Structure formats: structure tokens, C-alpha cells
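Coordinate-derived values only; no laboratory data. This one's a predicted model, so the numbers in the text were calculated from it and none came from an experiment. Neighbour counts are summed over all protein chains in view; Cβ atoms, including those assigned to glycine, are modelled from backbone coordinates with ideal geometry.
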Amino acid sequence: MLLWAAYVGAYDKWGAFSDPFPIHDVTPFANGVLLATDGGLRFRSIYENVVYHSEHGLETSRFHSVVSSNNAVYAVSEYGLVAVFADGSIPWRIINRSYVKNNVRAVPHGTVMSGHIMTIAFEDRLAFFDAFQGRSLLTIDRIGSRSLSITPVRELLIRGDSLYAKMDKETYVRKMDWANLASDKRLSDPNSWSLVPAGTVVEGFDEPVKKVTVDSQVLTDEQLYHDDGSSKVKWQVKTADGTYLVGSEYVFFNKTGEKTVTDLTGFNGYSPGEVYEVKATPEGGVLAMSVDGKLSYGSIGGWGEPHYAYSTLSNGPNGYSARMKTLSYLPDGSMFYHIWGFVYLMYSKWGAHLEYDFKAEDNHCFDKYLPNYAISVATIAAPDNSGFLTSTGKNPNYGVVYFTKDGEVHCANGIGSNPVPGVMHSKIDEDGKWVVYIANKDGTALASEGGLDVITFPSPKANGGELVNGQVKYYGGMNPAPVDMVYDPVGDRLWLVTMSSLAYLDEEADTIMTPASTNGMLGAEFTSIDVDSHGNLWVGTTNQGVYRLTPKNGSPDTLKILHFTTKDGLLDNNVADLAIDPVVGAAWFAHEKGVSYYRRNDLKDAHKNMTDSAEVKVHAYPVPFRPKTQAFLTIDGIAEKSTVSIYNRGGALIKYFRNEEVAGGKVEWNGREDSGKLVTPGVYYYVVKKGSKVKKGKFIIAH
């Protein structure tokens, strides 16, 4: 574990907060156990509690098996990626990717190991893998008379030189020469397996545990059992300190000689749960909403305790199926949220206090999709921050609703172009009118056809708070309808994503346009979009991770693409939502098993740096800087589009930074000249220039 601690102490741009369940497999690891889960590889002992994710070299966070052999631990992912943790790994190293291309799941708890040979059960085959050489020896798709694509192996067991393969109703066995398996000419012969006679008990296969017994002693601690008396435990792992008792959702520890157990199920801090929506906050970090109705706050430093937004009501599957974006806030900490079908909620103090609830069954003016059943896909802040806006579905036309911070409700009923409204954006135009952009569709299905309404209202302040005299302009023909939108202030452009396409509103041409070139984004199903302070678009997908799109020379028609997946550090390639945090300089991603984030300098908004309102002054750290032991000297607080020059004590220019090197308001220097030579110790000076503004400082380099 010291190796892992040293690794994560270095600067790492990726991170995650996950829900490390269910547990699919367990093996001894260091002084505890390693657990294969859908939320990463979790190390648990009575002393330590750590989860390894994609960013730790694993390239994925969904694992189905773990096995130990010869001072090394191996893990097999959901689709057969093989990773090892051994001396020299930092901390995990991928040793085989060949099985992943088959797109077939590995069987949970379906890997066994003898010597250096791993046997991996997939849903349609059995694979023999040489862990020392990091290569597959052979895969077979039949055992005896059975085709494994029809009758898959459910569990494997090694006893001596025999390999047992258990199916649903029968078990086969084969003698194995593990040390010389590569030369076994009959390994591919299905008839080399023997059917175990029916009724034969093969000790070692997992059997339902009725009473938890450790060292012949039945443990009666009620923590180990469900209310119906069934056991929570599936596996036992003995260590020098005691026995770990593990189930799909539980981890317990029984100290040798004692009858009670310690519950180790919980994780340090908290997990955001199954997240479908994330929203960046003005102070940095994000708010996350989970499908079970829990709201929580997290930052790169940790995650807060989730709590129910309203009783136990939740958006459940609607959060995903409708691509809901109903969490919104005002700068003063007022928050708004909608629970599909039932209620609109207004909070103060960033969700800590419920101020108002607006139930569908009460006599409010907003439209209802069914009697006492109101649906909204999105909520947003009113453009003057006086309250919140949403749109409510109704046949044949949706309505728009304005909720003031004082709890008043004002409606423009039946104004929309379709029954079901979607995501929203608003602004105040040069005449002081409210312009509200609302995606819409002709049904509740994601694939429904729809378009975009642009509705202009006179300011409610001039009409007693009412939304009246709305003028609607409709852009139709979008099939499927938009699922998310974002306004890019750099390009002064509204962007939209449907399930299958990216588009933008060209108000001069009075039409919805599709970029001419989006090479590299074929076949993706889109879920979400946001924009950073430099005008880069970030797009989430259901199966291909995240794309960053940069308009070339400011043109929306040709986009330069960067692609990020679990191989880069993303927790999961299924991204339900994303949010750009310009305060910390991070992109946040919502997943079924939690959230992940990606820090990079150019995500930080530095437009206020070197101004009178700047919160951070130009400064350098660490001082003194020791380039032999410290990665970078950072000069922070600089303005966008600045230049940074570093001089030695004699006035000679040593290093020069500009353009992308200063994006995000800081530069990082490794203490070397352009030639790669380490500079000599001494006093150095930096000069930051942007136009007529100049900031100077000095620092010391020590070896």
C-alpha cells in the first residue's frame, strides 16, 4: 500500500467517487481483501479502505473477478481486461486487452488460477491465459456435449490437478497439466472433459450459506443475517488477524477467537450513488442528484453526505429515460428541483432548507400532463435571477411557468409547439425582454421528433409578475428531439445535442445547422453538453465516454475533437450528465456508479485575473523550488492571453510561455531550459505581461 500512496501523491488529473458495489469476487490482498465491484477494485482491511478506479492504471472500473498467485494479484474486468498488481506496478498494470474486442462479459467470480495459468469463464467461452507472459493460450467454446454460448459456465474450481466447470444443471471436470498447458494438444478437444455424475458433491463450489461458521464455530451476530434469517455472507477469507466475511453488498470481519463481527461495509466519506445530473456551483465543486432522490455536494477534496431532496420521492428511471436536467440555482444559494409527476421544490442555503413545495395535486396554474401529474424535463434560473423557470407538459401544447423566490407561481399555459417540453436556456435581450429557449417533442420517448421554441416575453416586472404576450418562434424537423443545450458566450451561439446529432442555432440564417465536420464522433448516443470558458464544447455519451469539441478558427462547422474514455481515467464510458467547473478547473461526469472528474489548466476561468476584482494575485509556488524532488514551479493568478518570461539573475531569458501554455491562469515549469538541461540554483525572476499590464516577482531554485 505504500506504493499506492506514493503514486497518488503525485499530480493526477483524473479522480472519482464511486459506489463500490455489488461485490462480484474476493481474494486475499496485503493484510486484507481485494473486492471486484462495478465501482472499482476495493481494498478493505481493518486498517485501510481504498478504491482503485480507471485513473489508477486500470482503464475501467467494472471488475468481475480477482485472483492471487505468487505475490501478485490479478483482476479481470467485465469484458476481460486483465490487470496485475505486483512489485513495480504503479499501482496497476494492464497485461492483456485481447479479450475485450469480443465484447462478451466475463462471468462474475469466474476466474481461477494455478501457478501462472489463469482460466477465465466468459458467457460464451472458456479462456486459458498465461499471466507470466501476458498472453492468451487458447479459448474453447465447447465442453463435452455442451456449447458454451448456449450453456455457459457459471463457476470454476481447481482441486489439485483437476479443473471443474459448473453449469446450471451439470458439472464437467478435466485433468490439467498446469505447468505444461501450452503443449497440451487435447486442450481444445471438448471430449477430453468428463461429466461429473449427477448428485456428486464437489466441495469448494459456492453454496448458499445458511449459518456462518468460522473455525467450526457458528456466528450468531445478527449483523450477518437478513431479517428473514438468510445469510449476507457468500465468501470467507482467512488472514493472520481473523476472517473476512463478504457478500455481494457487505464486508464483515471476525477476529480470531471472537463471536462478534465488525461491519466494514461502509466506505471512508460518502458516495454520491447512481447519479443522473450534476451541476457546477459558483464556489467550485458540484451538486449531484441520484436516481433514488438524494442530493449531495462534492469537490475534488471529498464528497459530502447525500440526503433526500424531498421525503423519499425520487425520479427513479425517469432521471435517465427523460434526460432530466431539473436541478438549478441562483447566486444567493436558492435552489429549485422537480420530481417527475409530483412536485416542484424551492430551497434556500444550497438545499439545506426547503422553502416551498408546489405539488401537482394542489391548485396551481401550471399545466399537467395527466390529472394531478405534472412533468418537466428541465428547470433554469430566471434570466434576472428573480426566481426560476420551467416548462410543463400537456396535450397538445406545453406551458411555461415562472416561480418567484417569494413562492408566487405565474404561468403561460399552452404556449409551446409540442406536448412535451425539454431542456431550456434563457437570456435578457437588448430591450429588456426575456428570451426563453425550450426544446420540445411530440411524445415522452427519447426518440420522439421535436424541435426548438424561442419564446419572447415582456419582462414580468412590467406586468405584475405575469408571463404574458409571449411570442413563439418554432424551429422544427429535429428527429430525434434535443436532449440538452448550452449557450457558448465565446462564440455567441446556442448548441444542442439530440440522441444522435450535434447542432447549433444560426439566428442570422434563421435555422438550425449541423456542423459540416465532426470526424471521430460516429455512432455515439449523446446525453449531455456543456461549454468551458474557452468555448470548447464537452459532450457526454451513453457508451463512448466524453468528447471535447473545439471550433476551428471560431467556426461552428469544423470542430477539432478530443476523446476521453475509461482508458484515460473516466469512471465509466456511460456518462449520464456532465458539468464544467471553471472555479476549480475541472470537468465532472455523472455515472451509474458515482462521479468522476478531470482537472486540466485550461478548464479554469482566468478572465478576471490581473484585474481589480481578482481574488488571486500573481504568485509563484513552491518557493524555494527544488526541481530534483518537486515536479513543477507554478506561477498562478495570471490573465488569459498573457505571456510569461523567466529570467536568471543576470537578466538572460531562460523560459518563455504563451498561448495554450498559459491557459487557465497559470503556467507550470519543470526547472529546465528548452534544451532539457536543469538550470543552476539561484534567484530567478518572472515577468507576466498582458497588454499594458505587467506583474513581476522572484523565486529561488535550490538543488
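Could you put HIS703, HIS109 in order, starting from the residue whose Cβ has the fewest other Cβ atoms within 10 Å?
HIS703, HIS109
Please compute the contact order of segment 309-478 in relative form: average sequence separation of alpha-carbon pairs under 8 Å and at least six residues apart, divided by the residue count, as a percent.
Contact order relative to length: 14 percent.
Remind me, relative contact order of the chain in percent, using alpha carbon pairs under 8 angstrom and six or more residues apart?
This gives 8 percent for the chain.
Which whole-angstrom value gives the distance between the alpha carbon centres of segment 683-698 and segment 454-530?
43
Between THR643 and SER192, what is the spin-label point distance in nm, taking each point 7 Å from the Cα along the Cα→C-beta axis?
In this crude spin-label approximation the distance works out to 7.1 nm.
Which one, VAL584, THR514, TYR402, projects farthest toward the positive side of the charge dipole computed for the chain from Cβ point charges (K/R +1, D/E -1)?
Going by the charge dipole, the pick is VAL584.
Return the whole-Å distance between the Cα centroid of segment 35-69 and the Cα centroid of segment 322-358.
Computed from Cα coordinates, the inter-centre distance equals 36 Å.
Given a cut-off of under 8 Å on Cα pairs at least six residues apart, what relative contact order in percent is computed for segment 64-163?
20
For q = 0.13 Å⁻¹, what log10 I(q)/I(0) does segment 212-268 give under the Debye formula with an equal point scatterer on each alpha carbon and no solvent?
-0.28
Which links in LYS325/LYS433; LYS552/LYS695; LYS232/LYS255; LYS608/LYS698; LYS349/LYS604 stretch past 28 Å when you go from one Cα to the other?
Correct reply: LYS552/LYS695.
Where the centroid of each part is defined by its Cα atoms, how far is segment 155-189 from segment 572-619 in Å?
51
Enumerate by residue number the trypsin sites (Lys or Arg not before Pro) in segment 117-180 meeting two conditions: DSSP loop (anything except H, G, I, E, B), and at most 16 other Cβ atoms within 10 Å of the site's Cβ.
LYS169
Please work out the Cα convex hull volume for segment 481-605 and give it in Å³ per residue.
96
I'd like the chymotrypsin sites (Phe, Trp or Tyr not before Pro) in segment 27-107 restricted to DSSP loop residues with at most 10 other Cβ atoms within 10 Å, sorted by number.
Sites meeting the loop and neighbour criteria: TYR47.
Distance check, please: which entries in LYS655/LYS696; LYS279/LYS593; LYS13/LYS101; LYS560/LYS655 exceed 20 angstrom between their Cα atoms?
LYS13/LYS101; LYS560/LYS655
For segment 144-152, what does the Karplus curve 6.51 cos²θ - 1.76 cosθ + 1.60, with θ = phi - 60°, yield as ³J(HN,Hα) per residue in whole Hz, taken in order and with x for Gly and Pro?
x, 8, 9, 7, 6, 6, 9, 10, x
If the cut-off is 19 Å between C-alpha atoms, which aspartates and glutamates fall inside it for LYS259, apart from same-chain ones fewer than 8 positions away?
Of all the aspartates and glutamates, those that pass the test against LYS259 - Cα under 19 Å, at least 8 places apart if same chain - are ASP215, ASP221, GLU222, ASP241.
Excluding same-chain residues fewer than 8 positions from LYS185, which lysines have a Cα within less than 25 Å of its Cα?
Those lysines meeting the cut-off are LYS166, LYS175.
How about LYS628: which lysines have a C-alpha closer than 16 Å to its C-alpha, ignoring those fewer than 8 places off in the same chain?
List returned: LYS677.
Over its Cα atoms, what ratio of radius of gyration to 2.2 N^0.38 Å does the chain give?
1.10
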